[in-house]
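Everything below concerns the one structure shown next.
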Amino acid sequence: QRLILGYAPYGKAIINSVVYSLKYMREVVYAYLIDPQKVLDIPDIGIDSVEEATEILKDYWIFLEYNNVKRDGNNVEGALETPINVELKKQGITEFNTRKMTGDETFQDVREVLAQVENNPDVFDGVNLIAATSMISHGVDADRFNIMFFYGIPGNTAEYIQAYSRTGRRYSS
């Protein structure tokens, strides 16, 4: 029951498409956050209060971004600093606060990041983007991962299924 949207950039580098997709989704979620009534206006949303809308938005604030290789994650992180975070800051929107989950991070580092994601009482202040590689594909379970972006597609179907199943664990659509 996950919604999957795929596209290939035309006339642009993949890196630009990835980071601007992250930016545009951040703008959308932020627009709902500053005016939760917009969530209630969605037909058949099934919630009754602004408080419930804000609670749901907490589960869409932290993005997971998958990279086939660590280098791509480094490129994404650099492109987020300039120009994406600069543009978000000019708009008054919370910038990306990125952490990595790759084979280079220790088990302790990964546990610390997951704890920050899952246990932060104010999800809107803290880590809000995880740039990961295939290391997240097994055993990384966080209810707050509900939006995922792929920088390229994993090399095989099983890896793709494992990677995208890290999201939508609480809300599957």
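The values are calculated or read from the model by the stated rules, or taken from the named source; none is laboratory data. Values in this document were obtained by computation on a predicted structure and should not be read as measured data. Note: ideal-geometry Cβ built from the backbone for every residue, glycine included; neighbour counts use all protein chains shown. Calculation scope for accessible area: heavy atoms of the full protein, side chains included, ligands and nucleic acids excluded. Shrake-Rupley method; radii C 1.70, N 1.55, O 1.52, S 1.80 Å.
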Go through (1) over 17 Å from Arg26 (Cβ atoms); (2) at pLDDT 85 or above and name the single condition Lys89 misses. (1)
Of Tyr30, Tyr10, Tyr20, Tyr24, which residue is aromatic (Phe, Trp, Tyr), open to solvent by 70 Å² or more (accessible area, probe 1.4 Å) and not in a loop (DSSP other than H, G, I, E, B)? Tyr24
